[in-house]
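Structure first, then comments.
The values are calculated or read from the model by the stated rules, or taken from the named source; none is laboratory data. A quick note: this is a predicted structure, and the numbers were derived from the prediction, not measured. Heads up, the Cβs are rebuilt from the backbone with ideal geometry, glycines too, and the neighbour counts pull from every protein chain shown.
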Amino acid sequence: MNIRASYGTPTAARIRVAVVEDEPLFRGLLQHYLSQHPRLKVVGAYADGTSALKGIVSDHPDVVTLDIELPGRMDGIQAGIALRRQASALSSCRTTPTPVSWDLSHPTKSEAGHTC
């Protein structure tokens with residue numbers, strides 16, 4: 001089967017995406033850019049980790065783009081850990097290593113790349 005031939009077909013399932021980004025301009029650009037792809041559907045956009053956790057459970061995205069530096073009580077790493085704990089509400093999740101400085105308040109490097 002030619003993957004490119006069926007890539008943009010109307011019958012292909014759209015990938016549901018949630019965007020978590022505190023900068024309004026960048027969040028809007030991400031939403032706009034992702035919405036232009038025929039196989040992607042932006043189902044939610046959030047400015048902080050707390051609102052993302054609430055919305056993602058009800059929006060049921062397949063993919064979450066998650067900024068690391070978020071305002072408020074929960075940064076992106078903490079939000080990612082909380083999402084992983086709520087994995088029963090998600091079909092699957094995958095975290096990947098990121099080039100940040102790790103300290104005791106963040107997950108260990110062994111947690112990066114964890115599949116839940």
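A few notes on this one:
- Hey, Thr108 modelled with pLDDT under 90, hydroxyl-bearing (Ser, Thr, Tyr) and surrounded by fewer than 17 Cβ atoms within 10 Å (Cβ to Cβ) or not: yes
- Candidates Ala12, Ala52, Ala45 - the one that is in contact with a helix residue (DSSP H, G or I) (Cβ under 7 Å, 6 or more places away or on another chain) and either modelled with pLDDT under 90 or basic (Lys, Arg) (or both): Ala12
- Of all the residues in the stretch 59-74, those that are of a type in the set (A, V, I, L, M) and part of a strand (DSSP E or B) number 3.
- Residue match in the stretch 84-96 (condition: modelled with pLDDT of 80 or more, closer than 15 Å to Val17 by Cα and surrounded by 17 or more Cβ atoms within 10 Å (Cβ to Cβ)): no
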